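Only one structure is covered here, and it is reproduced in the block below.
The values are calculated or read from the model by the stated rules, or taken from the named source; none is laboratory data. Note that the structure is a prediction, hence the values are computed from the model and not measured. So basically every Cβ, Gly included, is an ideal-geometry build from the backbone, and we count neighbours across all protein chains shown.
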Amino acid sequence: MKKVKTYTVREIAEAHVIPAEITKEEQKKSDLEFSAFRRKQLALISEKDRINSRLLQLRFRMEDCISDDSDKAKLTFGDFLEEYIRDLNLRQVDFSREIGLHVTKLSRLLNNREDPSEKIFVRLELHSGNIIPAVVWLKLFQKQKAGQLQEDWQLREKESTYVKKPGKLVKM
């Protein structure tokens, strides 16, 4: 029986891919052609498609922030709301009118001085055309609040005066 030769993945790839060796001038010309092609394609995209693309990108960043358990994800609801408004190329006054919210309340939300209600999450979902669901806004806010609670040592100190026999029930 004849032994079958096995090939490595690299050997298989090299057998099917023709290496391209080009000069620096050819590479520069190729880069310029690709750049011109890319600009032409970008010019064909409508403003609505650009905005939808930015909103999808924002949604994915929000979802990444929600699922990221490390401390590096410190962006707040207000940060993402500000980016949302900027991606739509709107002024805060115009945006507040579009979602039926007083401009002062919007400012307080943007600066994390007031907590958003469920109504705000739903309005944001509807305003985005359901690209960013209310649940994503809610989860983002909940993660922000959980982080604040975790770091609030003054609250723990204050509330400890109300607890009799702390830590006596369960030993871990």
Practice item. Specify the residue that is nearest to Asn52 (Cα to Cα); the eligible residues are those in segment 83-94 that are part of a helix (DSSP H, G or I) and under 20 Å from the mean Cα position of the chain (by Cα). Key: Asp87
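Check every one of the helices (runs of 4 or more DSSP H) wholly within segment 1-82 and list those with 2 or more residues that are within 30 Å of Asn112 (Cα to Cα) and within 18 Å of the chain's Cα centre (by Cα).
Correct list: 47-67.
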Practice item. Could you list all residues from segment 87-96 that are more than 19 Å from Phe121 (Cβ to Cβ) and modelled with pLDDT of 95 or more? Key: Arg91, Val93, Asp94
Exercise for review: Specify which of the listed residues (Gln148, Gln142) is outside any loop (DSSP other than H, G, I, E, B) and either modelled with pLDDT of 90 or more or in contact with a Cys (Cβ under 7 Å, 6 or more places away or on another chain) (or both).
Suggested key: Gln142
Check your understanding: Across segment 12-29, which residue is nearest to Ser128 (Cα to Cα) among those that are modelled with pLDDT under 90 and surrounded by 10 or more Cβ atoms within 10 Å (Cβ to Cβ)?
Key -> Gln27
**Study point:** Cβ pairs under 6 Å, 6+ apart, first in segment 100-129 and of a type outside the set (Gly, Ala, Ser), second in a loop (DSSP other than H, G, I, E, B)
**Key:** Arg108/Glu114; Leu109/Pro116; Asn112/Thr76; Arg123/Ile99; Glu125/Pro133; His127/Ile99
